[in-house]
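Peer 1: Sharing a structure below in C-alpha cells format, with a few things to ask.
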Amino acid sequence: MSTGGPTIARRPKVYVYYRVFTTPHGAIPTKQPVDRRNQYLGRIEAVRVTPPHTVGSLIRCICKCEGVVRFRFARLFLSQSSPNPMDRLEHTAILSGSGPGSDHRRPLALVLGDDSDVYRKVIMARVAAVPSANQEASWLSYRAGEILYTDGVVQRKATKLRKSPTTNSSQPTYRVRDANGKTGMVPIRDFSKPSKT
C-alpha cells in the first residue's frame with residue numbers, strides 16, 4: 001500500500017581506487033582491499049575525503065586509512081606509469097564518479113617516501129628460526145627476543161622454516177624489516193602482537 005510520500009532514490013557510492021608503493025620495494029598490500037584475492041588494490045569512499053577536495057587532502061585521507069602517520073613525502077600519481085606526481089594543490093572531482101581513481105581498472109598510485117612510513121609497528125620474536133635454503137631470498141632468520149618492524153598486514157606465504165614447530169605449506173606472515181634494514185617475511189605465530197612505535 002502506497003503512503004503517497006515522495007520516493008527518495010539512494011545515490012550510488014563513489015569510490016577512489018588506488019595502489020600503494022614504496023620506493024625500494026614496489027607495490028605493498030593495502031589495508032583497504034577491494035577483494036581478498038587481490039591485496040594490492042585498495043579503495044575508499046570518496047565522501048571520506050574532507051574538503052577542499054585537493055590532491056593533498058586525498059593523500060591525507062588515503063594515508064590515514066592505510067595507517068601511515070608520516071606522509072609528508074608521500075606522492076600521488078594518476079597511474080603507476082605516470083612520470084610526474086599530481087600537484088597537491090590541484091582540486092579533484094572525486095565526488096563526480098568520473099574523477100581520478102574512480103575506475104578500478106585505472107587506480108591511482110600512492111608512493112610513500114620512506115620505509116619508516118611502512119614498517120611502523122614493532123614485534124618481538126618468541127623463538128629463533130632459520131629459513132630453508134630455497135627461501136632465503138624472501139624469509140628472514142631471527143633470534144629469540146629480537147625486535148623487528150612490520151606494516152602489520154597479514155599475508156599468506158607457502159614455505160617451511162627449519163627449527164620451527166609448524167610445517168604447513170601455507171601460513172600467516174608479516175613483511176618485516178630488521179635493525180640492519182634487511183626486509184623479508186616471518187611467520188606470525190613466532191612473534192608477539194604488533195605495537196606502534
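The values are calculated or read from the model by the stated rules, or taken from the named source; none is laboratory data. None of these values were measured; they are calculated from a predicted model. Reconstructed Cβ throughout: ideal geometry from the backbone, glycine too, with neighbour counts over all protein chains shown.
Peer 1: Assuming Ser132 fulfils every condition listed in (1) of a type in the set (Ser, Thr, Tyr); (2) within 24 Å of the chain's Cα centre (by Cα); (3) at pLDDT below 90 apart from one, which condition is it?
Peer 2: For Ser132, the failing item is (2).
Peer 1: Taking only region 22-38 into account, find how many residues are modelled with pLDDT under 90, not small (Gly, Ala, Ser) and not in a loop (DSSP other than H, G, I, E, B).
Peer 2: 4
Peer 1: Tell me which of these Gly97 doesn't satisfy, since it passes every other one: (1) over 30 Å from Tyr174 (Cα atoms); (2) surrounded by fewer than 18 Cβ atoms within 10 Å (Cβ to Cβ); (3) modelled with pLDDT of 90 or more.
Peer 2: Checking Gly97 against (1) over 30 Å from Tyr174 (Cα atoms); (2) surrounded by fewer than 18 Cβ atoms within 10 Å (Cβ to Cβ); (3) modelled with pLDDT of 90 or more, the one that fails is (3).
Conditions tested, residue by residue: (1) modelled with pLDDT of 90 or more; (2) crowded, with 19+ Cβ neighbours inside 10 Å.
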site	(1), (2)
Thr7	no, no
Leu58	yes, yes
Leu78	yes, no
Glu90	yes, no
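Peer 1: Does Gly42 fit the bill of being touching a residue at least 24 places away in the same chain (Cβ under 8 Å), in a strand (DSSP E or B) and among the small types (Gly, Ala, Ser)?
Peer 2: yes
Peer 1: Let me ask something additional. Within region 55-98, track down each residue that is more than 25 Å from Thr150 (Cα to Cα), touching a residue at least 60 places away in the same chain (Cβ under 8 Å) and assigned to a loop (DSSP other than H, G, I, E, B).
Peer 2: Across region 55-98, the qualifying residue is only Gly97.
Peer 1: Then there is this: If Asp114 satisfies all but one of (1) modelled with pLDDT under 90; (2) exposed (fewer than 15 other Cβ atoms within 10 Å of the Cβ), what's the number of the condition it fails?
Peer 2: Only one criterion in (1) modelled with pLDDT under 90; (2) exposed (fewer than 15 other Cβ atoms within 10 Å of the Cβ) is unmet by Asp114, namely (2).
Peer 1: Same structure again: Name every residue in region 33-44 that is surrounded by 18 or more Cβ atoms within 10 Å (Cβ to Cβ) and more than 10 Å from Val20 (Cα to Cα), in order of residue number.
Peer 2: Hits for region 33-44 are Gln39, Arg43, Ile44.
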